[in-house]
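Some notes on the structure that comes next.
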Amino acid sequence: MAERFKVYVDPILEPIMPRYLELRHQEQAQLTAAIAAQDSGTVSTLGHRLKGSGASYGFKDLTEMGAELEQAGKDGDFARASQLAARVQEYLDNMELVYEGEL
């Protein structure tokens, strides 16, 4: 069984979390395609977007992985990008949201 990642989120964000996560999953599909096509610009852009949205919504780990993905895209390091994409997918698939009011 995969490790669950508890993420503490501001309760005000609860209504928009399903859409936020849906968009991240859509971006994962785009990322996988960009890596397969060795499209460094798209990998970098998607990493940058993940870094920014993670920071905005309080997902520190997504922010860090996004920054690493952005750099991997800039470097054209598709092996690294592929490893990071797998980490992001695992994180998204196994996150458990806890709204701060539920502590």
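The values are calculated or read from the model by the stated rules, or taken from the named source; none is laboratory data. None of these values were measured; they are calculated from a predicted model. As a convention, Cβ positions derive from the backbone with ideal geometry for all residues, glycine included, and neighbour counts pool all protein chains shown.
Summary table below
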{"read-out": "Meets criteria (surrounded by 11 or more Cβ atoms within 10 Å (Cβ to Cβ) and of a type in the set (A, V, I, L, M)) for residue 36", "value": "no"}
{"read-out": "Residues located in region 60-103, provided they are touching a Leu at 6+ places or on another chain (Cβ under 9 Å), aromatic (Phe, Trp, Tyr) and surrounded by 16 or more Cβ atoms within 10 Å (Cβ to Cβ)", "value": "91"}
{"read-out": "Answer residue from region 50-103, given it is among the aromatic types (Phe, Trp, Tyr), closer than 16 Å to residue 9 by Cα and in a helix (DSSP H, G or I) and is modelled with the highest pLDDT among those", "value": "91"}
{"read-out": "Flag if residue 47 is assigned to a helix (DSSP H, G or I) and at pLDDT below 95", "value": "no"}
